[in-house]
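Heads up, the thing below is written out as structure tokens.
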Amino acid sequence: RIKEITAGIEKGIQELFESDRYRNYLTTMSRFHRYSLNNIMLIHAQRPDATLVAGFNKWKNSFGRHVKQEEQKLDPDTKLPLLDENGEPVTEEKEITIPMFKVVSVFDVSQTDGKPLPQISSTLTGDVAEYEVFLEALRRTAPVPISFQTMEPGMDGYFAPKKQAIFLREGMSQVQTICAAVHEIAHSTLHDTALAMPERPDRRTREVQAESVAYAVCQHYGLDTSDYSFGYIAGWSSGKELAELKGSLETIRSTAANLIDTIDGHFAEIQKAQDKEQTTEQAQ
């Protein structure tokens, strides 16, 4: 069974690199950034709209919810299926028991009923309501300073390895500014010529990695990424070996995951400091 799953994952990776499929995969990855590449591929293949997943016992014991499954409702006396006015069998949701193996089943929250879940969505979801805080969190996350300057409309920003700095175009929308900043932070994290790298990827690979990271991070925070286009992905992946494709996907996944965790940490620090300052001012 594990061999079958592994083969399915590898086949899925090779078929992944079409514009819409790749975009949808990154959306799934943005929701499960702490999961491994293989587990993300399994979730994406079986339920691409998943938002929260857990095993049968985890839902039951930790969250007070049970996995639901529709079954035909039986007459208590005749034990025959009950029919509705159209002669169709009546179904009902029942809790089911799943035998546990090394290959375990997990379920999306939409497949469960029970107690309401605690609020786990990020403070940053939706529009950029906390734009200044978010931008400051990105400044603290970036390995090099970020500044703004006048640029041509076609250029949103760039990472300058020799100057060890990120420059963003003045006057962009808040969403475009955040996404451009994440893109250049990815470049400065992954592709800095000053770092001792075993082999620097070619330019197209660097752009695929940075753009994919930016898309996943912005998706995670609920920012509008509808203008993103990955039409060039199929051409970029053509002729590449599975190991190379998996390597790039793992680089994208781990970089996006680290950025999200670091941004969250800085965002919390900034908010805590602001709350403390506000409390002090009120006391004075």
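Filtered by the rule that a residue be in a helix (DSSP H, G or I), open to solvent by 70 Å² or more (accessible area, probe 1.4 Å) and at pLDDT 80 or above, region 21-60 gives ARG21, ASN24, ARG31, ASN39, ALA45, GLN46.
Candidates are the residues of region 63-80 that are at pLDDT 75 or above and in a strand (DSSP E or B); the one that is nearest to PHE107 (Cα to Cα) is VAL67. Being exposed (fewer than 12 other Cβ atoms within 10 Å of the Cβ) and either of a type outside the set (Val, Ile, Thr) or closer than 30 Å to TYR215 by Cα (or both) is a property that THR78 lacks. Do we find that GLU211 is free of Cβ contacts under 8 Å to residues at least 24 places away in the same chain and either out of contact with any Leu (no Cβ under 9 Å at 6 or more places or on another chain) or open to solvent by less than 70 Å² (accessible area, probe 1.4 Å) (or both) in this structure? For GLU211, the condition - free of Cβ contacts under 8 Å to residues at least 24 places away in the same chain and either out of contact with any Leu (no Cβ under 9 Å at 6 or more places or on another chain) or open to solvent by less than 70 Å² (accessible area, probe 1.4 Å) (or both) - is not met. All of ASP127, ASP156 fail the test of being of a type in the set (Asp, Glu) and at pLDDT 60 or above, apart from ASP156.
Yes/no per residue for (1) β-branched (Val, Ile, Thr); (2) more than 20 Å from ARG139 (Cβ to Cβ); (3) in contact with a Ser or Thr (Cβ under 6 Å, 6 or more places away or on another chain); (4) surrounded by fewer than 23 Cβ atoms within 10 Å (Cβ to Cβ):
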site: GLY154; (1), (2), (3), (4): no, yes, no, yes
site: TYR158; (1), (2), (3), (4): no, no, no, yes
site: LYS163; (1), (2), (3), (4): no, no, no, yes
site: CYS179; (1), (2), (3), (4): no, no, no, no
site: HIS183; (1), (2), (3), (4): no, no, no, no
site: HIS191; (1), (2), (3), (4): no, no, no, yes
site: ARG200; (1), (2), (3), (4): no, yes, no, yes
site: ARG206; (1), (2), (3), (4): no, yes, no, yes
site: TYR215; (1), (2), (3), (4): no, yes, yes, no
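When ALA234, ALA283 are checked against the criterion of being open to solvent by less than 80 Å² (accessible area, probe 1.4 Å) and either without any contact (Cβ under 8 Å) to a residue 24 or more places away in the chain or not aromatic (Phe, Trp, Tyr) (or both), ALA234 stands alone in meeting it.
Taking the conditions (1) over 25 Å from THR251 (Cβ atoms); (2) in contact with a strand residue (DSSP E or B) (Cβ under 7 Å, 6 or more places away or on another chain) in turn, ILE43 satisfies each one other than (1). Please tell me if GLU170 is charged (D, E, K, R), free of Cβ contacts under 8 Å to residues at least 40 places away in the same chain and surrounded by 16 or more Cβ atoms within 10 Å (Cβ to Cβ). No: the conditions fail for GLU170.
When ALA186 is tested against the conditions (1) over 17 Å from TYR131 (Cβ atoms); (2) free of Cβ contacts under 8 Å to residues at least 24 places away in the same chain; (3) in a helix (DSSP H, G or I), the lone failure is (2). Taking every residue in region 135-150 that is without any contact (Cβ under 8 Å) to a residue 24 or more places away in the chain and pairing it with any residue that is surrounded by fewer than 15 Cβ atoms within 10 Å (Cβ to Cβ), at least 6 positions away or on another chain, the pairs with Cβ-Cβ distances below 7 Å are PHE148/GLU170; GLN149/GLU170; THR150/GLU170. The number of residues in region 1-57 being farther than 25 Å from GLU211 by Cβ, touching a residue at least 40 places away in the same chain (Cβ under 8 Å) and charged (D, E, K, R) comes to 2.
From the list THR189, THR193, THR150, the one residue that fits, being of a type outside the set (Phe, Trp, Tyr) and under 21 Å from ILE260 (Cα atoms), is THR189.
The values are calculated or read from the model by the stated rules, or taken from the named source; none is laboratory data. Model, not experiment: these values are computed from the prediction. Cβ sites come from the backbone with ideal geometry, for glycine too, and all protein chains shown count toward neighbours. The protein model used for the area step is the full one, side chains on, heavy atoms only, and it has no ligands, DNA or RNA in it. Shrake-Rupley method; radii C 1.70, N 1.55, O 1.52, S 1.80 Å.
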